[in-house]
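Data first, discussion second: the structure below is written as structure tokens.
The values are calculated or read from the model by the stated rules, or taken from the named source; none is laboratory data. Note that this is a predicted model, so its numbers are computed, not measured. Backbone-built Cβ (ideal geometry, glycine too); neighbour counts: all protein chains shown. The protein model used for the area step is the full one, side chains on, heavy atoms only, and it has no ligands, DNA or RNA in it. Shrake-Rupley method; radii C 1.70, N 1.55, O 1.52, S 1.80 Å.
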Amino acid sequence: QVQLVESGGGLVQAGGSLRLSCAASLSIFSFNKMGWYRQAPGKQRELVTTITSGGSTDYGDPVKGRFTISRDNAKNTVYLQMNSLKPEDTAVYYCGAWRIGYGYWGQGTQVTVSS
């Protein structure tokens, strides 16, 4: 059974930084792609960033140049480094993982950016 466990969320002031972690219960190379989405109150879930098994990355326009996805293969963990945070980055951040025919989500971690 696949489990994704996020950590690292919290409250930060605008301009600050946070790093989120997503620990997978099996090798991250079991997935074609892993990444992060976020959902703010009253809004749809939106792409933050993804990384493929080959290392290709994709970023949503609102976070380009500020957020970076990375991974530690030995720890089966994907990270999201968030810099220059803005109040509009406030949301629940979800880790996701995908392989052919299946998708998985973590439970989410709250990120709140105060102005």
- line: Heavy-atom accessible area of the chain with neighbours in place, 1.4 angstrom probe: carbon+sulfur share in percent works out to 46 percent
- line: Stretched fully, the stretch from Thr57 through Ala40 gains (0.36 nm per residue minus C-alpha distance, one decimal, in nm) 3.8 nm
- prompt: Of the residues Gly101, Gly35, Gly15, which exhibits the maximal mean-square fluctuation in a Gaussian network model of the chain defined by a 10 Å Cα contact cut-off?
  reply: Gly101
- request: Subtract the Cα-Cα distance of Lys75 and Glu88 from 0.36 nm times their separation in residues, and report this length gain in nm to one decimal.
  value: 1.6 nm
statement: Mean-square fluctuation maximum in Gaussian network of the chain, Cα pairs under 10 Å, restricted to Ser27, Ser56, Ser17, hits Ser56
- request: Report Ile28's accessible area, 1.4 Å probe, all protein chains in place, as a number in Å² to the nearest 10.
  value: 10 Å²
- prompt: With contacts defined as alpha carbon pairs under 8 Å and 6 or more residues apart, what's the relative contact order of region 1-104 in percent?
  reply: 35 percent
- line: Two pseudo-spin positions, 7 Å from Cα along C-beta at Phe29 and at Thr112, lie apart in nanometres by 4.1 nm
message: Can you compute the modelled spin-label distance between Leu47 and Arg19, with each label point 7 Å from Cα toward Cβ, in nm?
response: 2.6 nm
query: Mind checking the dipole of the chain: about its Cα centre, +1 per Lys or Arg Cβ, -1 per Asp or Glu Cβ, Debye to the nearest 20?
result: 100 debye
statement: By the C-alpha gyration tensor axes a ≥ b ≥ c (rounded if a/c is under 1.5, else prolate when a/b exceeds b/c, else oblate), the shape of the chain is prolate
